[in-house]
Amino acid sequence: MNNIARSLMAVVMSIVIAGAFSGCVPLWVGAGVAGIVGGYAVSPDTVEGTTTHTTEECWDAAKQIAGIMGQVVQEGPSGSQLDATINGSKVTIVLSAINVSTTKLSVKARKAFMPKIDVAQDVYAKIINSMEK
């Protein structure tokens, strides 16, 4: 009985450990992002959140921060998307108006097809912080 109990315990522990480490990446990463400025990771390369600023204010802040941190490559139509190169990563900033005074800000960063959540998080935080001043 002792050997069976140990084997069963080993199987149960293996399942628990495997379950703990095979979760959804955005949830693990998002736990660290959420406390900084209210954004959360929605995928391994994207941080997004909402802000109580107009789309125009967000656009101006995003354009300014992207220009300071790197180089603006392309501006999308109607001030809704901005592509930039920051720290060698391709960064895409997307703005969506939720209502007149609320905007959803999404920042995606990739470098050579690899997600760069740290760059996306940094850009998102700097955009939000620049609008709070």
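The values are calculated or read from the model by the stated rules, or taken from the named source; none is laboratory data. Values in this document were obtained by computation on a predicted structure and should not be read as measured data. Here the Cβ positions follow ideal geometry from the backbone for every residue, glycine too, while neighbour counts run over all protein chains shown. Ligands, DNA and RNA are stripped out before the accessible areas are found, and what is left, the full protein with its side chains, is counted by its heavy atoms. Shrake-Rupley method; radii C 1.70, N 1.55, O 1.52, S 1.80 Å.
Of note:
- A single member of 34, 66 is of a type in the set (A, V, I, L, M, F, W, C), touching a strand residue (DSSP E or B) at 6+ places or on another chain (Cβ under 7 Å), part of a helix (DSSP H, G or I) and at pLDDT 95 or above, and it is 66.
- Among residues of the range 103-130, those that are of a type outside the set (D, E, K, R) and open to solvent by 30 Å² or more (accessible area, probe 1.4 Å), counted: 8
- Single match in 123, 94, 73 (criterion: under 22 Å from residue 50 (Cα atoms) and out of contact with any helix residue (DSSP H, G or I) (no Cβ under 7 Å at 6 or more places or on another chain)): 94
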